[in-house]
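Just so it is clear, none of the values below were taken in a lab; they were calculated from the coordinates. No experiment lies behind these values; they were computed from the predicted model shown. No Cβ is skipped: glycine too gets one built from the backbone with ideal geometry, and neighbour counts run over all protein chains shown.
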Amino acid sequence: MLYREVQTKDNSALAEIIRGVFTEHQAPTQGTVYTDPTTDALYELFRAEKSILWVAEDEGAKILGCCGIFPTPGLDEDCAELVKFYLHKDARGKGVGRALMEKCVASAKNLGFKKLYLESLPEFATAVNIYEKQGFKQLDQPMGQSGHDGCNIWMLKTL
């Protein structure tokens, strides 16, 4: 498995994986990353300062998922958002998600962040359980201005 930073050529494959996860779990699409126009241009989005998107690619060069760190507007200066954490169904249960999460936590620390925030949905209950095992705590309200008002689970982790 290769873990690397996002490249221009990854845009369509990652958008397909992300939207496929929503379809697979019958998750709402409005007010989420599903309809966010940046989902089709992740390479361009992650050119922002203090951001990084890690991509998992198998040895056959098939993109299997991604996870990133982004300085979402409205968050405290020492807090980044864990974003775009999606895996193709073929990659789940194989340590790919754990490796991506570890890369993101290390990147967040290297970028000077002290906290990680994330947003999710009840349809992704398995992921929420994993976040809790990784030290994320549920919040009563959202932080920052992600633009994803369809999300109703908000979590925070101190690094």
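Values for this structure:
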quantity	calculated
For segment 2-158, projected area of the alpha-carbon convex hull averaged over all directions, nm²	8.2 nm²
Global geometry of segment 14-94, whether rounded, prolate or oblate, following the gyration tensor of its Cα atoms and the 1.5 cut on a/c	oblate
Helix-only CD estimate at 222 nm, as mean residue ellipticity for the chain, using -39500 (n - 2.57) per DSSP H run (n ≥ 4)	-8000 deg cm²/dmol
Gained length - Asp36 relative to Leu111, 0.36 nm times residue gap less alpha-carbon distance	24.5 nm
Residue order, fewest to most beta carbons within 10 Å, for Trp154, Trp54	Trp154, Trp54
